[in-house]
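All of the numbers you see were taken from the coordinates with simple rules; none came from a lab. Remember, it's a predicted structure, so these values are computed and weren't measured experimentally. All Cβ positions, glycine included, derive from the backbone under ideal geometry; neighbour counts span all protein chains shown.
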Amino acid sequence: MLTDSEKKAVIPMLQDVPLFSSLEKKGLNTIANSAAKKTYDEGDKIAKEGDKALSFYLILDGAVEVRRKNKILAKLGRGQFFGEMALFDNQPRSADVIATEPTTCILLTSWALSGVIAGNPKIALQIISELVRRLRESDKALSE
């Protein structure tokens, strides 16, 4: 669980995430109240391709690489996120995510995020839009 001061710091970051930008403060507070914080060392594998997905991650500090078969698909840093795809389709992780420096993330479980979506139907459209954008980026990276 996050401390009260961590929640206050996380809420503006959540608001900058496309998935959550239309949420009112109550929804952002719900997400922050459901979140946990975890720190990773450089080189740590945060997510492993093929593993069951249980959490969505928002990078508070640090940086990660998203890799599939050792090919870098994306580099993500502070305020960016990953892990949302498998939360919605019950499929295994589609890629590895490796910390490229000491990294701190907040984690949201699939059931917590589902509760937020159920209470905020507009967020479903934002999620679809973001997933399509990421799919296009991945397709482009794989075709190069």
Query - Counted charge near LYS45, where neighbours are those whose Cβ lies closer than 11 Å (Asp, Glu -1; Lys, Arg +1) - result: -3
Query raised in the report: For ALA47, which sequence-distant residues (separation of 5 or more, or a different chain) have an amide H within less than 5 Å of its own amide H, given hydrogens modelled in the peptide plane?
Result: VAL97
Report summary line: In this structure, the FRET efficiency calculated for ASP44 and LEU131 from their beta-carbon separation, with R0 = 30 Å, to the nearest 0.05, is 0.70
Report summary line: Measuring from the longest principal axis of the C-alpha atoms of the chain, the long axis of helix 25-34 (C-alpha) lies at a number of degrees, nearest 10, equal to 60
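Using R₀ = 30 Å, calculate the FRET efficiency as 1/(1 + (r/R₀)^6) where r is the Cβ-Cβ separation of ASN33 and ASP89; round to 0.05.
0.70
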Requested in this report: For the range 1-76, calculate the relative contact order in percent as a whole number, restricting contacts to Cα pairs under 8 Å that are 6 or more residues apart.
Outcome: 23
Requested in this report: Check each of the trypsin sites (Lys or Arg not before Pro) in the range 1-39 and keep only those in coil by DSSP with at most 15 other C-beta atoms within 10 angstrom; list them in order.
Outcome: none
Query raised in the report: Using θ = phi - 60° and the Karplus curve 6.51 cos²θ - 1.76 cosθ + 1.60, what whole-Hz ³J(HN,Hα) does each residue of the range 121-136 get, with Gly and Pro shown as x?
Result: x, 4, 5, 4, 5, 5, 5, 4, 4, 5, 5, 5, 4, 5, 4, 4
Report task. Please give the peptides 41-48, 69-76, 55-62, 106-113 ranked by average Cβ packing (other Cβ atoms within 10 Å per residue), highest first, as a rough proxy for protection. Result -> 55-62, 106-113, 41-48, 69-76
Report task. Work out how far the C-alpha atoms of the range 4-143 reach from end to end along every principal axis, then list the three figures in whole Å, largest first. Result -> 40, 30, 23
Query raised in the report: For the chain, what is the relative contact order in percent, using Cα pairs closer than 8 Å and at least 6 residues apart in sequence?
Result: 30
Report summary line: Magnitude of the Cβ-charge dipole (Lys and Arg +1, Asp and Glu -1) of the chain about the Cα centre, nearest 20 debye, reported as 260
Query raised in the report: Using θ = phi - 60° and the Karplus form 6.51 cos²θ - 1.76 cosθ + 1.60, what ³J(HN,Hα) does each residue of the range 64-79 get, whole Hz, x for Gly and Pro?
Result: 9, 10, 9, 10, 10, 6, 6, 9, 6, 8, 7, 10, 10, x, 3, x
